[in-house]
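Written out below as structure tokens is the structure these notes cover.
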Amino acid sequence: MTITSIDRAMPRAARRTQTAELLKEAATCEGVERDELLDRVIVLNIGVAHAIAHRYRNRSVPVEDLEQVACMALVRAAHKFDVTQERDFLTYAVPTISGEIKRHFRDQGWTIRPPRRVQ
């Protein structure tokens, strides 16, 4: 089963509630158990990261690179998410992922800044 089929198999509301439950449980755990719960959160939401990465395709960076950056940002967001603020995980993760992708463009873009018409 591929990541895309996992994402399509679960409705958004079910994914949201399951993600919230896993994150609450991970907040009370430590060590390997916490890492396993966060891994499950990442697998549940990896389709969202891929969708965000595909928004930026056809911009001189391979889609695979964008997906990798998006997945790394998703992992970082899952580890840094604060459950005590009582908000949806994706409200925190989506801007984090988009920001990482934009930062990737900035860092991998032109080293000399020519005018836009030249670019």
Taking first residues from the range 90-104 that are under 23 Å from Gln18 (Cβ atoms) and second residues anywhere that are outside any helix (DSSP H, G or I), the pairs with Cβ under 6 Å that are 6 or more apart or on different chains are Tyr92/Phe81
Scanning the range 56-79 for residues that are touching a residue at least 12 places away in the same chain (Cβ under 8 Å) and among the charged types (D, E, K, R) gives Arg59, Asp65, Glu67, Arg76
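Rule-based calculations on the coordinates, nothing more; no lab input. Note that this is a predicted model, so its numbers are computed, not measured. Reconstructed Cβ throughout: ideal geometry from the backbone, glycine too, with neighbour counts over all protein chains shown.
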